[in-house]
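These notes are about the structure you will find just below.
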Amino acid sequence: LIAIVGLGGAGGNIADEAAKLGIYSGAINFSQKDLDSLENVKLKLRILGSEGVGHDRDEAIRLVQDHYEMVIKFIGDNFSHVDVIFLATSASGGSGAGSVGILTEILKAEFPDKIFSVIAVMPDYLEVPASQANCSATYDELSRMDVSIFPVDNQKARSIHNVNGKNRIFEITNKSIVSIIHKIWSYTEKNSKNGNFDKKDFMTIISQKGIAVAVESEIACLNMGLNTQVSTEGIARMVHESWEKSIFAPIEYEYVNKAAIILDAQEMFMEHINHEMIFSKFKNGMPIDMFEGNYHEQNGKIITILSGLPWCKSRLHTVEELIEKNKEKIEQMTTASMEYESKSTEVLSTIRKPVQQESRSVNEILNKWKKNR
Ligand SMILES: Nc1nc2c(ncn2[C@@H]2O[C@H](COP(=O)(O)OP(=O)(O)OP(=O)(O)O)[C@@H](O)[C@H]2O)c(=O)[nH]1
Ligand SMILES: [Mg+2]
């Protein structure tokens, strides 16, 4: 069985989306409010110590150090029957981004029979420098973890799908990541005479350290128009295009360690699958190990899973550039003097000058009135 456990706000939303599809899921957060907002996740753990960490990763790490036993118990009590746990989080907030590194290490050590994988969402280019800096620090930490990392990229959702609102970006990315995981897992439960992609294959590919992506390509169109026909080149081209347009951070096409190709199409498509051509996009060509599955329920779909990809350096380089560009501004803003001298103090003292009141007795006043008659 697989499960998705969300850490922090974004992670919780991803877990909630997973629960909608019937994927076993849980959510962990410091914030009760964030947990309360999740409608579909049943298993929720609030880590004590604070109601939130206000984007402060270090504070989250400190709190996890004090309260990690709660998390071990939560996973032990509720996820003992699960083989693969995806920990989902944003890389650019505080709670999830701070917790993910330390919790991945602790949970891996505590549950050595389980496979852990991380889904870490990158911020789009329009997000503030503090978010970019958190992302850079989180990916620095994750690069030393012995797990696969799925780099969901909000910027890709913004540019490829041409949407602006964050709600749309979140919807697209959250739905895409859980639906592709759900689809892949469901193939492990199907039978096919032409080769199954089984659970062991899934676990092997998911446990590979490094960057991982899973992408679906529509190839049915190659078999539809009058001027189109199914060709080896056509299929490879469509797979390459969908790699480019995926919701994941841009792939570094140097090498790929492990790969899976799951074809779900009419049988004749099988003759046009050329692995070498598909992996020719990589400098080192074919992966070291590859898994295949061939199913015939759909008109024409290929799912490719790539794991053990090089670290997403160019994407993170852009993150660094965004931080660098703002460095001077940040410096100015944080060191600027707040002292201010008012030029109106004189006016104020005039305004506030007490009215001269001479005190007179009633008799004196009566005398004054008498004189005037
Ligand atoms: N893809 C996606 N990104 C999200 C979602 N929610 C928030 N984000 C992004 O994640 C970052 C904020 O991280 P959160 O997950 O809200 O932060 P947190 O882990 O709750 O940490 P705190 O700072 O303590 O609130 C921002 O860059 C958001 O754009 C979501 O549902 N999906
Ligand atoms: Mg939050």
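The values are calculated or read from the model by the stated rules, or taken from the named source; none is laboratory data. Bear in mind the structure is a predicted one, so any value in this text is a computation, not a measurement. Cβ atoms come from the backbone with ideal geometry, glycine included; neighbour counts cover every protein chain shown. The accessibility values were calculated without ligands, DNA or RNA, using every heavy atom of the protein model including side chains. Shrake-Rupley method; radii C 1.70, N 1.55, O 1.52, S 1.80 Å.
Among the residues making up segment 213-235, those that are surrounded by fewer than 22 Cβ atoms within 10 Å (Cβ to Cβ), hydrophobic (A, V, I, L, M, F, W, C) and out of contact with any Asp or Glu (no Cβ under 9 Å at 6 or more places or on another chain) are VAL215, ALA220, CYS221, LEU222, MET224, LEU226.
Figure legend. Inter-residue proximity from segment 252-263: first residues of a type in the set (Ser, Thr, Tyr), second residues open to solvent by 40 Å² or more (accessible area, probe 1.4 Å), beta-carbon distance below 9 Å, spacing 6+ or different chains. Indicated pairs: TYR253/LYS281; TYR253/LYS283; TYR255/LYS283; TYR255/ASN284; TYR255/ILE288. Within segment 5-19, the set of residues being open to solvent by 10 Å² or more (accessible area, probe 1.4 Å), within 16 Å of ligand 2 (Cβ to nearest atom) and either closer than 21 Å to ASP77 by Cβ or more than 16 Å from the chain's Cα centre (by Cα) (or both) comprises ASP16 only. Going by the structure shown, is ASN294 open to solvent by less than 70 Å² (accessible area, probe 1.4 Å) and in contact with a Gly (Cβ under 7 Å, 6 or more places away or on another chain)? Considered against the rule, which asks whether it is open to solvent by less than 70 Å² (accessible area, probe 1.4 Å) and in contact with a Gly (Cβ under 7 Å, 6 or more places away or on another chain), ASN294 comes out as yes. Does any residue of segment 60-78 turn out to be more than 28 Å from PRO112 (Cβ to Cβ) and not small (Gly, Ala, Ser)? Among the residues of segment 60-78, not one is more than 28 Å from PRO112 (Cβ to Cβ) and not small (Gly, Ala, Ser), which makes the answer no. Restricting attention to segment 35-57 and to residues that are of a type in the set (Asp, Glu) and at pLDDT below 95, the residue that is least open to solvent (accessible area, probe 1.4 Å) turns out to be ASP56. Every test in (1) open to solvent by 40 Å² or more (accessible area, probe 1.4 Å); (2) free of Cβ contacts under 8 Å to residues at least 12 places away in the same chain; (3) not in a helix (DSSP H, G or I) is passed by ASN194 save one, and that test is (2). Every test in (1) more than 24 Å from PHE170 (Cα to Cα); (2) open to solvent by 10 Å² or more (accessible area, probe 1.4 Å); (3) within 16 Å of ligand 2 (Cβ to nearest atom) is passed by GLN65 save one, and that test is (3).
Restricting attention to segment 23-61, the residues that are more than 17 Å from SER92 (Cα to Cα) and free of Cβ contacts under 8 Å to residues at least 60 places away in the same chain add up to 23.
Which one of ALA88, ALA60 is under 23 Å from LEU126 (Cβ atoms) and either within 18 Å of the chain's Cα centre (by Cα) or near ligand 1 (Cβ under 8 Å from one of its atoms) (or both)?
Values: ALA60 fails: under 23 Å from LEU126 (Cβ atoms).
On inspection, the qualifying residue turns out to be ALA88.
Looking only at residues in segment 336-364 that are of a type in the set (A, V, I, L, M, F, W, C) and open to solvent by 100 Å² or more (accessible area, probe 1.4 Å), the one that is farthest from the chain's Cα centre (by Cα) is VAL362. When segment 276-319 is filtered for residues that are over 16 Å from ILE206 (Cβ atoms), part of a strand (DSSP E or B) and among the hydroxyl-bearing types (Ser, Thr, Tyr), only TYR295 remains. With respect to the conditions (1) at pLDDT 95 or above; (2) over 25 Å from LYS199 (Cα atoms), ILE160 falls short on a single one, namely (1).
Looking at segment 147-161, is at least one residue surrounded by fewer than 24 Cβ atoms within 10 Å (Cβ to Cβ), over 22 Å from TRP311 (Cα atoms) and among the hydrophobic types (A, V, I, L, M, F, W, C)? No, segment 147-161 contains no residue that is surrounded by fewer than 24 Cβ atoms within 10 Å (Cβ to Cβ), over 22 Å from TRP311 (Cα atoms) and among the hydrophobic types (A, V, I, L, M, F, W, C).
Which residues, counting only those in segment 20-45, are within 12 Å of ligand 2 (Cβ to nearest atom) and among the basic types (Lys, Arg)? The answer is LYS33, and nothing else.
Does segment 248-257 contain any residue that is part of a strand (DSSP E or B) and closer than 26 Å to SER143 by Cβ? It would help to see each step written out before you state the result.
If we filter segment 248-257 for residues that are part of a strand (DSSP E or B), which is where we start, we get 248.
Now narrow it down to the ones that are closer than 26 Å to SER143 by Cβ: 248.
Yes, segment 248-257 contains at least one residue that is part of a strand (DSSP E or B) and closer than 26 Å to SER143 by Cβ.
To keep it simple, each residue is scored yes or no on (1) within 16 Å of ligand 2 (Cβ to nearest atom); (2) modelled with pLDDT of 95 or more; (3) in a loop (DSSP other than H, G, I, E, B); (4) among the polar types (S, T, N, Q).
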| position | (1), (2), (3), (4) |
| --- | --- |
| ASP124 | no, yes, yes, no |
| ALA130 | yes, no, no, no |
| ASN134 | yes, yes, no, yes |
| TYR139 | no, yes, no, no |
| LYS156 | no, yes, no, no |
| ASN164 | no, no, yes, yes |
| PHE170 | yes, yes, no, no |
| THR173 | no, yes, no, yes |
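For residues that are open to solvent by 40 Å² or more (accessible area, probe 1.4 Å) and in contact (Cβ under 8 Å) with a residue 60 or more places away in the chain, tally how many sit in segment 309-328. So that I can check it myself, show each step before the final result.
Narrowing segment 309-328 to residues open to solvent by 40 Å² or more (accessible area, probe 1.4 Å): 311, 313-314, 317, 320-321, 324-325, 327-328.
Now restrict to residues that are in contact (Cβ under 8 Å) with a residue 60 or more places away in the chain: 311, 313-314, 320.
Count: 4.
Here segment 80-114 is the region considered, the condition is being away from ligand 2 (no atom under 16 Å from the Cβ) and assigned to a loop (DSSP other than H, G, I, E, B), and the residue that is most open to solvent (accessible area, probe 1.4 Å) is ASP113.
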